[in-house]
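To start, the structure under review is shown below, and the notes come after it.
The values are calculated or read from the model by the stated rules, or taken from the named source; none is laboratory data. Here the structure is a predicted model, which means the values were calculated and not measured. Because the Cβ atoms are built from the backbone with ideal geometry, glycine has one as well, and the counts that use them run over all protein chains shown. The area values use the complete protein model at the heavy-atom level, side chains included, leaving out ligands, DNA and RNA. Shrake-Rupley method; radii C 1.70, N 1.55, O 1.52, S 1.80 Å.
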Amino acid sequence: MKIYMKKIFLSIILALTVNWALAQERTFTITAHSGAYDTEDNSMEYIETALANNDDILEFDVRCRPDGTLVMSHDEVKSNSDGVLIADVLKKVKKYRTRINLDIKEVRALKGLYSMLKELCMEKQVLMTGIEEKDIEQVKRDCPGIAFFLNCEPEKKLMRKTSYRNDLIALLRESGAVGVNCNYKYCTKRLVSLLHDNGFKLSIWTVNEKKDMKKYPKFNPDNITTRKPNELRQVIAQ
């Protein structure tokens, strides 16, 4: 029995060591998209599963109930009883080292969200996506100091033009964003180089197919969001 338990213990240590080594080699973080691991989107089951898998970042959608209560939901919330309370989620995740990607679906949630983050001392544990150019001023006003990526669609053909590249960098500097968040289809080596050369980051979503898991890590983005974190880790390790 002692020998059997020793073998199990050594197997766990080996697995943890391999995972740690792979994390050190990786140049980007992996975000577990809401609903990863075949769980329901924006559910507490998803949150608990992502935490159990020790993901770098977990992502969920932020909306308000009609009464202003913040809940996880992708679609508009029409009832004051729908959606999982974000306050409960934050309190659970606060105990872990995992970061949180708050995908903002409506900017009227920002002020209440900021108050909640301040109260829980979680300002540095979160980042925001879903922020578009039209939202920049409200983000600055209602969520000062909270890191966010700017959602945009950098056109591959236009990226060849100096003026287009300069305008993108100027927008990022003016906005205060840490970088660009875009669909993986807009990710190119030219875009990554442009952002990195100017001190910005690139986060791409949602990489679920194996062929894309093989392709896009080679572009060296700073974050890849996926519904299949374990599969992405396995592809990288091969």
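For the range 155-169, filtered to residues that are in a helix (DSSP H, G or I) and not hydroxyl-bearing (Ser, Thr, Tyr), the residue that is most open to solvent (accessible area, probe 1.4 Å) is Arg160. Comparison of Lys161, Lys140, Lys156 shows that the only residue that is closer than 19 Å to Asp222 by Cα and of a type outside the set (Gly, Ala, Ser) is Lys156.
When you look at Ile146, is it at pLDDT below 95 and among the aliphatic types (A, V, I, L, M), yes or no? No: the conditions fail for Ile146.
Going by the conditions given, is Gly145 outside any helix (DSSP H, G or I), of a type in the set (Gly, Ala, Ser) and open to solvent by 30 Å² or more (accessible area, probe 1.4 Å)? Taking the combined requirement at face value, the residue satisfies it. From the list Tyr37, Tyr114, Tyr46, the one residue that fits, being out of contact with any Leu (no Cβ under 6 Å at 6 or more places or on another chain), closer than 18 Å to Gln234 by Cα, part of a helix (DSSP H, G or I) and modelled with pLDDT of 95 or more, is Tyr37. The residue that is least open to solvent (accessible area, probe 1.4 Å), counting only those in the range 49-68 that are in contact (Cβ under 8 Å) with a residue 40 or more places away in the chain and more than 16 Å from the chain's Cα centre (by Cα), is Cys64. Only residues that are of a type in the set (A, V, I, L, M, F, W, C) and under 10 Å from Pro154 (Cα atoms) were counted in the range 179-202, giving 4.
If I ask for residues that are among the charged types (D, E, K, R) and touching a Gly at 6+ places or on another chain (Cβ under 9 Å), which ones from the range 143-172 would you list? None - no residue of the range 143-172 is among the charged types (D, E, K, R) and touching a Gly at 6+ places or on another chain (Cβ under 9 Å), so the list stays empty.
The set of residues in the range 170-220 being within 19 Å of Ala32 (Cα to Cα) and among the basic types (Lys, Arg) consists of Lys185, Lys201, Lys210, Lys211, Lys214, Lys215.
Mind checking which residues of the range 79-100 are open to solvent by 100 Å² or more (accessible area, probe 1.4 Å) and either at pLDDT 95 or above or closer than 22 Å to Phe148 by Cβ (or both)? Residues satisfying the conditions are Lys91, Tyr96, Arg97. Here Tyr96 clears all of (1) hydroxyl-bearing (Ser, Thr, Tyr); (2) free of Cβ contacts under 8 Å to residues at least 24 places away in the same chain; (3) part of a loop (DSSP other than H, G, I, E, B) except the condition numbered (2).
If the condition is being in contact with a strand residue (DSSP E or B) (Cβ under 9 Å, 6 or more places away or on another chain) and either open to solvent by 50 Å² or more (accessible area, probe 1.4 Å) or farther than 20 Å from Asn151 by Cβ (or both), then the range 101-116 contributes Lys105, Arg108, Gly112, Met116.
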